[in-house]
Protein chains: 2
Amino acid sequence: MYHKLFSDNLIDQIKQKKSIICIGLDPRIGGSGAKIPQNIMERAKNNYNDAIWEFNKEIIDHTCEITPIFKPQIAFYEQYNALDALKKTIDYIHKKNSLVLLDAKRNDIGSTAEAYASAIFENFKADAVTVNGYLGSDGITPFLRYIAEGKGVIVLIKTSNKSSGEFQDLFSLSIPNIPPSGIEITVEKGLLVRNYIQMARLIKEWGANPNFVGEGNSFGKFGYSNIGGVVGATFPEQMKLIRKEIPQNFMLIPGYGAQGGTAKDIINGVNEDGLGAIISASRSIDYAYQKLDETEFGAAAGKAAEAMRKAINQELEKSGKIAY
Amino acid sequence: MYHKLFSDNLIDQIKQKKSIICIGLDPRIGGSGAKIPQNIMERAKNNYNDAIWEFNKEIIDHTCEITPIFKPQIAFYEQYNALDALKKTIDYIHKKNSLVLLDAKRNDIGSTAEAYASAIFENFKADAVTVNGYLGSDGITPFLRYIAEGKGVIVLIKTSNKSSGEFQDLFSLSIPNIPPSGIEITVEKGLLVRNYIQMARLIKEWGANPNFVGEGNSFGKFGYSNIGGVVGATFPEQMKLIRKEIPQNFMLIPGYGAQGGTAKDIINGVNEDGLGAIISASRSIDYAYQKLDETEFGAAAGKAAEAMRKAINQELEKSGKIAY
């Protein structure tokens, strides 16, 4: 990593690896669905930290050459009391020359948010973190010191789940005063937009600080901000609107693969320079071995990641967006 | 704890202890401000888990008889790699016959949210958790199994911080279709409300499942839901509006004390039966010793908690709301 800002390092990674994929590292143990193979559990003598670490290491070994950024979801490590495995995993990803986005969706204010930021960037040494912006700029301010130092913050905009519209799709007005209810209001163009667009506009504002914006010229048309947003692959039309609102902010696009998003669905999130988006998949990569030999889970993950990269790059090429 | 539901147990605690206070357990180490006393750090030989556990234990010992519920904020335990101390603290609070709300503001979907719920209720054994509802009902569904089993979920509505209005105060419309912009629209009464009211309405809907609502008759006018909401003490007028929207849902009211909220400011959150709200303070209790002898920090916390309880109960009595 040679640049100060996360956004610039991410662009370097994308260009070097010719890939905009992001692999979620979500260890699952037990149950009937996707899970860490039995032979690993046995070798680790059911020590969860050891099993998760071995599993992650092999996934990383088989995918890191085409993966600019990995995304461990902290919930799984908490569930299994395996924060040591998370730490080792992050160190290893850095050793293998990739970036780490810790998916934690933190949201708090003041010293509490500072404590979260310290845990994420100083204990775990992640390069970026996901944040929920419902609390407004007080929820972002405690991260600013880290953002200025180069760390990335990715704020939820339009999430990939079916019911995300219950709140995020409400039409809202950017006006400060209460109009009497039950009356006619005149809505100027651009003032009545859905909540997710309001969130995108806040992100744009937060991310516009020149200290947070990368070295545009050496990479593409313009620099990208260290503050980005989450937009589900399951909502391609909304993605188009959001892309227009925040051209200089990276999008993390989850919902590819297991959640139903395809390479076609993510194209609206990518700018003309082929940048501005990373597409994440977890289950469909981590547990690609399921119909195969479980001892081959690393190789299966590698193949699934390569297939995902190829499908996305073909779509980028077709649409005239540079596929590196 | 004799009832199935968190809400009923909380009411029992409130009646038994004649108190609606909630003490935040936010361990802080080092720095120039409020922090764990030096003598504890020395006794613990700087082992953070030991120091935090000793600190919390003494705060709990001096306050549990008048405190229905404690609220550890998980960020601080993460920051200091002290999740063991958190676990011990929660066990100890239960042993001392109080409840635990784990302040974690979790927000995710599907198996990830299930992993969070499992960590919170099965590893840490909290009685309730704070959640951010930005993702809609998909963010609540994974908690439903635990709610039906009795666990509480408290969703952010109007947070105590100054900038909470940037997003939460936007006027929004509960209509599904896009009106053309740049035109006049007629808004029926009640349809154009601020985002925080929309969130309160979602909470009301989620919490109305009869399995989640407590045994009204034995306690007050009506039963309370196991799903509640967070409303900052710093916004008493908004609190009044929210109280009307969600009469049967408990409110967690933070922002008392260090953040500026007073006993007068929280009165709008309490129902006529004296129930429906718990008022939380952290710094002003945990670090009440600051101007005194640091070896007396437990007793100082006890006095500060008693002063807070008294101030609130006087205000409740004055306003004709039962002070137990």
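The values are calculated or read from the model by the stated rules, or taken from the named source; none is laboratory data. Worth saying up front: this structure is predicted, and the values here are computed from it rather than measured. FYI the Cβ positions are ideal-geometry reconstructions off the backbone, even for glycines, and counts take in every protein chain you see.
Report, by residue number, each residue of region B:112-127 that is among the hydroxyl-bearing types (S, T, Y) and over 19 Å from the mean Cα position of the chain (by Cα). Break it down into steps so the answer makes sense when it comes.
Of the residues in region B:112-127, the ones among the hydroxyl-bearing types (S, T, Y) are B:112, B:116, B:118.
Of everything in region B:112-127, those that are among the hydroxyl-bearing types (S, T, Y) and over 19 Å from the mean Cα position of the chain (by Cα) turn out to be B:T112, B:S118.
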- Item | Among (1) β-branched (V, I, T); (2) at pLDDT below 90; (3) within 27 Å of A:K18 (Cα to Cα) - the single one A:T186 does not satisfy | (3)
- For region A:165-179, indicate whether the set of residues that are over 30 Å from B:L191 (Cα atoms), within 7 Å of chain B (Cβ to nearest Cβ) and crowded, with 18+ Cβ neighbours inside 10 Å is non-empty. no
- Note on the structure: A:K105 fails exactly one of (1) facing another protein chain (nearest Cβ under 9 Å); (2) surrounded by fewer than 23 Cβ atoms within 10 Å (Cβ to Cβ); (3) at positive phi; (4) modelled with pLDDT of 95 or more, namely (2)
- Query: For residues in region A:28-83 being within 14 Å of chain B (Cβ to nearest Cβ) and among the hydroxyl-bearing types (S, T, Y), which is surrounded by the most Cβ atoms within 10 Å (Cβ to Cβ)?
  - Reply: A:Y77
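With A:I267, A:I253 as the choices, which residue is in contact with a helix residue (DSSP H, G or I) (Cβ under 7 Å, 6 or more places away or on another chain) and either on the phi > 0 side of the Ramachandran plot or surrounded by fewer than 24 Cβ atoms within 10 Å (Cβ to Cβ) (or both)? Show your work before the answer.
On the way: A:I253 fails: either on the phi > 0 side of the Ramachandran plot or surrounded by fewer than 24 Cβ atoms within 10 Å (Cβ to Cβ) (or both).
Criteria check complete, one pass: A:I267.
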- Note on the structure: Going through (1) facing chain A (nearest Cβ under 8 Å); (2) within 20 Å of B:E58 (Cα to Cα) one by one, B:D91 fails only at (1)
- Starting from region A:194-207, keep only residues that are modelled with pLDDT under 95, then list their pairs with residues that are of a type outside the set (G, A, S) whose Cβ atoms are within a distance under 9 Å, requiring at least 6 positions of separation or different chains. A:R194/A:K158; A:R194/A:Q168; A:R194/A:D169; A:R194/A:L170; A:R194/A:F171; A:R194/A:Q238; A:R194/A:L241; A:R194/B:I178
- Query: Which of the following residues is of a type in the set (F, W, Y) and closer than 30 Å to A:P27 by Cβ: A:F250, A:F212, A:F222?
  - Reply: A:F250
- Of the criteria (1) over 28 Å from B:N195 (Cβ atoms); (2) in a strand (DSSP E or B); (3) facing chain A (nearest Cβ under 8 Å), which one B:A119 fails: (2)
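Take the residues of region B:122-135 that are surrounded by fewer than 21 Cβ atoms within 10 Å (Cβ to Cβ) and in contact with an Asp or Glu (Cβ under 9 Å, 6 or more places away or on another chain): which is nearest to the other protein chains (Cβ to nearest Cβ)? Lay out the reasoning, then the answer.
Here is the first cut: in region B:122-135, the ones surrounded by fewer than 21 Cβ atoms within 10 Å (Cβ to Cβ) are B:122-123, B:125.
Cutting the leftovers down to in contact with an Asp or Glu (Cβ under 9 Å, 6 or more places away or on another chain) gives us B:123, B:125.
Values: B:N123: 6, B:K125: 13 Å.
Filtering region B:122-135 for residues that are surrounded by fewer than 21 Cβ atoms within 10 Å (Cβ to Cβ) and in contact with an Asp or Glu (Cβ under 9 Å, 6 or more places away or on another chain), the one nearest to the other protein chains (Cβ to nearest Cβ) comes out as B:N123.
For region B:143-153, enumerate the residues that are within 14 Å of chain A (Cβ to nearest Cβ) and either within 21 Å of B:L83 (Cβ to Cβ) or buried (at least 23 other Cβ atoms within 10 Å of the Cβ) (or both).
Looking only at region B:143-153, we keep the residues that are within 14 Å of chain A (Cβ to nearest Cβ), and these are B:143-144, B:146.
Within region B:143-153, B:F143, B:Y146 qualify.
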